[in-house]
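Let me begin by presenting the structure, written as structure tokens, before commenting on it.
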């Protein structure tokens, strides 16, 4: 249900400008799973659509998209692909939103620590990402428990190699129920301790059963994950909701596997250390993990939004432009004045969207801090995600990203990226950074089983609103249409993360086209309910 705009606010928004030709009435929610028709004309990609008579003015456009993050750029790509003229306005100096990177002395440092999965359906649907190169982690994860490393998940996917298979190749390796079950069987069939590290380079070493227990316990975990992998996401979204923390006890998994594997894994995937997220979102995260591979865009997180932006018409993205007001027929900017249009898509974060549209729901958020260190030698030579099964320090997950994607570090240097869920709570000054770095280094020394005293801190990025909370009850099908001509998209409308951003963008674009009377399929695939 639309939680939304108070009637007074809706009235102000809809009458802020002179009356205009109304959109074709359309009562069904085109963001829903069954929106397929009711549209009148067909437009091809070479047929420009002018929804507004510009009268020769250069200050009007069919659709203004506010925000050049992934959601805004993806929505713009869908709309321009259907023949509409689009202007994307971004207050920051660069595109990308949360998916931005900085370049420091030859390193490429992501500002967020988000983890992607090759199995995200929208990666295969979003226009412009056909050439996206993904660098995959080793299958599964490495668990640190009681001073030892334990393997938790060696799956198949031989075609999704480490050195950045194209998006299509990476995704083809994880499609289908058979592939999902194969991955899950491998994931839980041999969570074995690794052979001892001969040195600080981190080679495997034999030991006790580890946090996943013996063969019988691993078989139970395999059964649970196989069931999640084989369940369609739309069915997962229809299950009763409890918190993810409460759901852990209902999976039928041994306590050791819950605390030593599922809890730290879900905290990393959801960005939610207390697991207050809806159990539906936890199920979706485990489904994606079990049917795909953890991955990162080659060359840095900003490679993905830059690909989306590169396919838009020249001049259609303007950075450094702050929008101060919106209506169904125009946006007002601080730098460029008023820009006329026939529709507005708000693709900012939830708080910024609510500032422009009073009454819009603003969820709570989870904070995250990303720390980038460099050292001469990689503390692990494998491109694997390392989790702390004991939860004995601030680091939620860490990886030697230069082993995952060698292009992120100059030759002869290793890049270690670690994520702290939360912190810093106090002032983000030099003292606070120094104290956090010291605590993180001590934790990393235990996790990697090597000295970190000579590691150099390259950057610390803290985002107090890194992840929109998906607390119970969470609605993953929140409408994108506020009024005919005014739409909202972003992961705060669906599920947090890249899949939610891309899905919400496609839903918003479909709603715009439906209200405009333009019939053009945006992408093939499963129903829009699929939020995995």
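Quick one: pull the percentage of alpha-carbon pairs in the range 347-423 with a separation above 16 Å.
Tail fraction, whole percent: 62.
Compute and list, largest first, the equivalent-ellipsoid semi-axes of the range 451-507 from the alpha carbon gyration tensor, each √(5λ) rounded to a whole angstrom.
35, 13, 10
Rounded to two decimal places and with Rh computed the Kirkwood way over Cα pairs, what is Rg over Rh for the range 379-470?
0.96
Residue 230 versus residue 274, label points 7 Å from Cα toward the beta carbon: distance in nm?
Each label point is offset 7 Å from its Cα along the Cβ direction, giving 3.7 nm.
In 5 Å bins starting at 0, how do the alpha-carbon pair distances of the range 360-514 split up by percent?
With 5 Å bins starting at 0, P(r) equals 2, 8, 15, 16, 14, 12, 11, 9, 7, 4, 2, 0.
Roughly speaking, what is the stretch gain from residue 238 to residue 381, that is 0.36 nm per residue apart minus the C-alpha to C-alpha distance, in nm to one decimal?
This chain segment gains 47.3 nm when fully extended.
Based on alpha-carbon positions alone, could you give the equivalent ellipsoid semi-axes of the range 258-379 from the gyration tensor, as √(5λ), descending, whole Å?
Computed over the range 258-379, the values are 36, 22, 15 Å.
Fewest Cβ neighbours within 10 Å first, please rank 456, 298 accordingly.
456, 298
With a Cα-only, solvent-free Debye model of the range 56-119, what are the log10 I(q)/I(0) values at q = 0.22, 0.30 Å⁻¹?
-0.96, -1.22
Between residue 130 and residue 453, what is the spin-label point distance in nm, taking each point 7 Å from the Cα along the Cα→C-beta axis?
5.6
Based only on other Cβ atoms within 10 Å, what is the fewest-to-most ordering of 341, 117, 489?
The fewest-first ordering by Cβ neighbours comes to 117, 341, 489.
How high is the relative contact order of the range 356-489, given as a whole-number percent (alpha carbon pairs under 8 Å, six or more residues apart)?
The value is 35 percent.
For the range 224-322, what log10 I(q)/I(0) values come out of the Debye formula at q = 0.19, 0.24 1/Å, with one point per alpha carbon and no solvent?
Cα-only, vacuum Debye calculation for the range 224-322: -0.91, -1.25.
How compact is the range 315-451 by the rule of thumb for globular proteins, expressed as Cα Rg over 2.2 N^0.38 Å?
1.50
Pull out the extension gain between residue 411 and residue 322, defined as 0.36 nm times the separation in residues minus the alpha carbon to alpha carbon distance; nm, one decimal.
Stretched fully, the residue 411-residue 322 segment lengthens by 28.1 nm.
Read-outs throughout are calculated quantities, based only on the coordinates presented, and are distinct from any laboratory measurement. Here the structure is a predicted model, which is why all the values come from computation and not from measurement. All Cβ positions, glycine included, derive from the backbone under ideal geometry; neighbour counts span all protein chains shown.
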